[in-house]
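Taking it in order: structure first as structure tokens, then the write-up.
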Amino acid sequence: MYQPDIENMKLPEIRKLQSERFVKMVKYAYDNVPMYKKKFDEAGITPDDIQGLEDAHKVPFTVKDDLRQHYPYGIRAVPLEKIVRMHASSGTTGKPTVVTYTEQDMDTWTTLMARCYSSAGVVKGDIVQNCYGYGLFTGGLGFHYGAEKLGATVIPISTGNTKKQLMMLKDMQSTVIACTPSYALYLAEAAEKEGYNAKEDFNIKVGMFGAEPWSEEARKRIEDSLGIKAYDCFGMSELYGPGVAVECKEQNGLHIWSDEFLVETIDTDTGEVLPEGEKGELVFTMLTREAMPLLRYRTKDLAVINYEQCACGRSHPRIMRIKGRSDDMLIIGGVNVFPSQVEHVLMNIKGVGDQYLIIIDRDILDSMHVQVEVTPELFNSPDYDPAGFAKKLEGELQAVLTVRARIELMDPGTLPRSEGKAKRVHDKRKA
Ligand SMILES: [Zn+2]
């Protein structure tokens, strides 16, 4: 294991460390970031009111808009000359959100990434083919430096050029692949088309997947087609990048590295902290970040946190699989639906391909329009009955999600493939 002294800390020890760091961080943010001083003043509190985790609920939230408003150089607690790196996430509207790092922050982030790899069984000597995008997006460099820190060999191939990716997988005998789950599905499909036998020609053991929500069914498809173990890795650029939480060998939730992150679950509407084990919006506090303190940052991700001891030996609380972001939630005929739930239903059905697209084409949604690719096997089968198959899928969606759906079957290979984050919802009203 990479850092047993930290990874094996018991929950009471973790809480004690979090409490000390939280109190210190609150004071640091208040003293060094004018935005936080203002937030505290407006809430009528000072850092003296925060004596431990039990006072966390008093601290005002930070939201994405706070970051946008501090464009270009971000919410900063240090002078610019102490910043050694900046990343930015593309906003759907207007200016990007900028995040900054000091040398110490870079070291922390890299260490967390190394722990993530190690948790998935990656060791020195492994060959990591890193197909995350290098650049302003945190995925590429995050996965890059974490692997190097662990002593693994990195192939910094970045996104795209699928034929070259396949050639490198074969020639370099890469043992680890890091990319989005949707790109892994596409790679498996492309490998077959290019005449590779993924299980024989490639030597991949482990996949480090993240940056988008994916279902258990997608995991199974990736594992079966590439002959690998697929691990879920969670992060977001506001919280360094990838490396916030990762699955262990048990694959029953993602351990949040709780020496660095305090997580709370809140009611999205009221902002009230929910009791442990209830589903709600995840709120993160970064406990040691130097350049850009974030106190109680609202992520809009909805999930349940599990505080039970994990069979792997770690006590760091686990995020049970994230269903989706509150932003991505669709309301169809009064029912809340996440794209990942649609994926869950569809991919369980034999004959359904790896690609689907939910189309939003009107303001009042009483039913869901979904384009679904069928597998080449089904498509080429003499028994293929498109109308009957579409009805079957509609019936399943109705039965499991209680939503009415209109399925449009697509020929294999006709929906757009993504090299980065998959686009699962196409909102025509925004086009
Ligand atoms: Zn575990």
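The values are calculated or read from the model by the stated rules, or taken from the named source; none is laboratory data. These numbers were taken from a predicted model, which means no experiment stands behind them. In this analysis, Cβ positions are derived from the backbone assuming ideal geometry, glycine residues included, and neighbour counts consider all displayed protein chains. Accessible surface is based on the protein model in full, side chains and every heavy atom, while ligands, DNA and RNA are left aside. Shrake-Rupley method; radii C 1.70, N 1.55, O 1.52, S 1.80 Å.
Once the GluC sites (Glu not before Pro) in DSSP loops with at most 14 neighbouring Cβ atoms within 10 Å are cut out of the chain, the longest remaining piece is 1-193. Given their separation in residues at 0.36 nm each and the Cα-Cα distance between them, ASP65 and GLU20 gain 13.4 nm when the chain is fully extended.
How big is the charge dipole of the chain about its Cα centre, in debye rounded to the nearest 20, if each Lys and Arg gets +1 on its Cβ and each Asp and Glu gets -1 on its Cβ? List each step's numbers first, then the result.
Working: 53 positive and 63 negative charges, 128 e Å.
Once rounded to the nearest 20, the dipole reads 620 debye.
May I ask you to derive the relative contact order of region 287-431, considering only C-alpha pairs under 8 Å and at least 6 residues apart, and to give it as an integer percent? If you can, show how the numbers build up before the last one.
Working: 206 pairs, mean separation 31.2, N = 145.
Reported relative contact order: 22 percent.
Taking a straight line from the alpha carbon of LYS16, these lysines sit under 24 Å away, with near neighbours fewer than eight places off in the same chain left out: LYS24, LYS27, LYS58.
Exceedance of the 30 Å cut-off in Cα-Cα distance is limited, within the set LYS164/LYS391; LYS38/LYS300; LYS95/LYS149; LYS10/LYS279; LYS163/LYS220, to LYS164/LYS391; LYS95/LYS149. Select from ARG296, ARG362, ARG219 the residue whose mean-square fluctuation is largest in a Gaussian network model of the chain (Cα-Cα springs shorter than 10 Å). Looking only at ARG296, ARG362, ARG219, the largest GNM fluctuation is found for ARG362. With both residues required to sit in region 329-430, DSSP beta bridges show an antiparallel share near 45%.
The alpha carbon convex hull volume per residue for region 170-223 rounds to 72 Å³.
Of all the options ASP224, ASP171, ASP65, the one that moves most in a Gaussian network model of the chain with Cα springs shorter than 10 angstrom is ASP65. Heavy atoms of the protein chains alone define the surface here; on that basis the chain has 43 Å² accessible area per residue at 1.4 Å probe size. Among the protein heavy atoms of the chain, carbon and sulfur supply 51% of the accessible surface, probe 1.4 Å, non-protein parts ignored. For q = 0.13, 0.14, 0.16, 0.19 Å⁻¹, what log10 I(q)/I(0) does region 1-122 give under the Debye formula with an equal point scatterer on each alpha carbon and no solvent? Once normalised to I(0) and log-transformed, intensities are -0.72, -0.83, -1.03, -1.22. Within the listed set SER418, SER182, SER315, the residue fluctuating most in the Gaussian network model of the chain (springs between alpha-carbon atoms under 10 angstrom) is SER418.
What the pair-distance distribution of the chain shows, using all Cα-Cα distances binned every 20 Å from zero, is 25, 56, 19, 1 percent.
Give me the percent relative contact order of the chain, please, defined on Cα pairs under 8 angstrom at least 6 residues apart. The value is 14 percent.
First check a/c for region 329-430, with a ≥ b ≥ c the square roots of the eigenvalues of its C-alpha gyration tensor; if it is under 1.5, answer rounded, and if not, answer prolate when a/b is larger than b/c or oblate otherwise.
oblate
Give me the percent of DSSP beta bridges within the chain that run antiparallel, rounded to the nearest 5. Intermediate values should be presented prior to the final figure.
On the way: 37 of 62 bridges.
Here the antiparallel bridges make up roughly 60 percent for the chain.
The calculated 222 nm mean residue ellipticity attributable to helices in the chain amounts to -9500 deg cm²/dmol, summing -39500 (n - 2.57) over DSSP H runs of n ≥ 4 and dividing by all residues. Look at the dipole of the chain built from charges on Cβ: of THR108, THR375, THR268, the Cα furthest out on the positive end belongs to THR108. With the largest listed first and rounded to whole Å, the semi-axes of the equivalent ellipsoid of region 139-243 from the Cα gyration tensor are 22, 16, 12. For region 304-318 versus region 398-431, the spacing of their alpha-carbon centroids is 34 Å.
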